[in-house]
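> Let me give you the structure first, and then I'll get to my questions.
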Amino acid sequence: MNRFYQLLAVVMLSAPFLVWSQDDAVIFTATPERCIALHKGQTCYQDVLFRWQTPASGEYCLILTDRQHQLTCWTGKALQEYQYSFEGDKTATFSLIRNDDVQPLAQVKVVVTWVYKAPKQSQSGWRLF
């Protein structure tokens, strides 16, 4: 049964994640949507592929919302995907914005999870056999 849950997790994590969008003409996905670290608090490393569809006219940027860091910018439909090497120990939000607007057109989150919680430290340095 444990093997079933592992297989189910792999299938769900490999599926693209579609997010909310204010404009019907904008489609924005991230694959995979999760980054899994071994232990809680560890930095997670994952290549994330962002794909989108924007209207033909306008200047757009993909940004890391939490830091307001621009990852890439383009005009119209010139750029349709971007490969990003994600490194983080907590969930990060990415946004598609139009250069002349502060509000994001669409957002996606890359969720950081872990296999094991942080190990509990014993109260004493002694160990019983």
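The values are calculated or read from the model by the stated rules, or taken from the named source; none is laboratory data. Owing to the predicted nature of the structure, the values given are computational and were not obtained by experimental measurement. Don't worry about glycine lacking a Cβ; one is built from the backbone with ideal geometry, like all the others, and counts go over all protein chains shown.
> Tell me the strands (runs of 3 or more DSSP E) entirely within region 49-119 that contain at least 1 residues that are surrounded by 14 or more Cβ atoms within 10 Å (Cβ to Cβ), among the basic types (Lys, Arg) and touching a residue at least 24 places away in the same chain (Cβ under 8 Å).
92-98, 104-116
> When you scan region 101-129, how many residues do you find that are at pLDDT 75 or above and among the aromatic types (Phe, Trp, Tyr)? Steps first, answer last, please.
Pass one, region 101-129, residues at pLDDT 75 or above: 101-117.
From what's left, among the aromatic types (Phe, Trp, Tyr): 114, 116.
Of the residues in that region, 2 qualify.
> Output the residues belonging to region 23-46 that are in a strand (DSSP E or B) and farther than 21 Å from residue 82 by Cα.
37, 38, 39 - these are the residues of region 23-46 that are in a strand (DSSP E or B) and farther than 21 Å from residue 82 by Cα.
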